[in-house]
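Here the structure is laid out as structure tokens; the discussion comes afterwards.
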């Protein structure tokens, strides 16, 4: 898990002027409103009627988040999401400007492309983060963006502010490191192996 205690910036961009990220603030943990969706919509997989809800806060440039998605998430999806046992909620918690830009791209895309883009960000993280703006532009083209629509997305301050609002609210829930998970409203810390998730989720399904 990456602990956030300072400002992280990978690149300067006029598109993100005035929206640079600061370090996470230390707030007391008050989980009222944890399950309320953000104003611009929740990104979820699995049925709303599932007995268990797993919420993940992650950053597109966080190597620990990428490790979870590349090594554990497929098994979690196969065993619990695709079978309707859990509802999985992904929430943006950018810890660098590059991560903010990546999440902006995902939010600008059609909704059905959101999770495929998240998968690409994590699967190719070492490559596109070498030159984030150029790397994201290449990913955007593969997702059907034109140069004009990509540039417009990167200049969309409304989308950026909506994402930062998700992060700000998470800080109020005591999220100070990434990835952070909540399982039925309870913070889930430690290993992010599929075995650890089974041990946490299975008792809640009985």
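The values are calculated or read from the model by the stated rules, or taken from the named source; none is laboratory data. These numbers were taken from a predicted model, which means no experiment stands behind them. No Cβ is skipped: glycine too gets one built from the backbone with ideal geometry, and neighbour counts run over all protein chains shown.
Filter the range 123-132 for residues that are part of a helix (DSSP H, G or I) and in contact (Cβ under 8 Å) with a residue 40 or more places away in the chain; which is surrounded by the fewest Cβ atoms within 10 Å (Cβ to Cβ)?
Out of the qualifying residues, it is 123.
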Exercise. Can you find even one residue in the range 163-175 that is in a loop (DSSP other than H, G, I, E, B) and touching a helix residue (DSSP H, G or I) at 6+ places or on another chain (Cβ under 6 Å)?
Worked result: no
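State the number of residues belonging to the range 81-104 that are assigned to a helix (DSSP H, G or I) and crowded, with 24+ Cβ neighbours inside 10 Å.
Summing the residues that are assigned to a helix (DSSP H, G or I) and crowded, with 24+ Cβ neighbours inside 10 Å in the range 81-104 gives 8.
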For this session: Starting from the range 31-52, take each residue that is at positive phi and list its partners that are assigned to a loop (DSSP other than H, G, I, E, B) and modelled with pLDDT of 95 or more, counting only C-beta distances under 7 angstrom and pairs at least six apart or across chains.
Result: 46/84
For this session: Write out, first by first residue and then by second, each pair whose Cβ atoms fall under 6 Å of each other, whose residues are 6+ apart or on separate chains, and whose first residue, in the range 108-122, is at negative phi and modelled with pLDDT of 95 or more while the second is surrounded by fewer than 19 Cβ atoms within 10 Å (Cβ to Cβ) and in a helix (DSSP H, G or I).
Result: 122/70
Exercise. Does residue 155 fit the bill of being out of contact with any strand residue (DSSP E or B) (no Cβ under 6 Å at 6 or more places or on another chain), modelled with pLDDT of 95 or more and loosely packed, with under 13 Cβ neighbours inside 10 Å?
Worked result: no
For this session: Please state which one of 75, 160 is surrounded by 20 or more Cβ atoms within 10 Å (Cβ to Cβ) and part of a helix (DSSP H, G or I).
Result: 160
For this session: Scan the range 82-102 for residues that are touching a helix residue (DSSP H, G or I) at 6+ places or on another chain (Cβ under 7 Å) and within 14 Å of residue 62 (Cα to Cα) and jot them down.
Result: 91, 92, 93, 94, 97, 98, 100, 101, 102
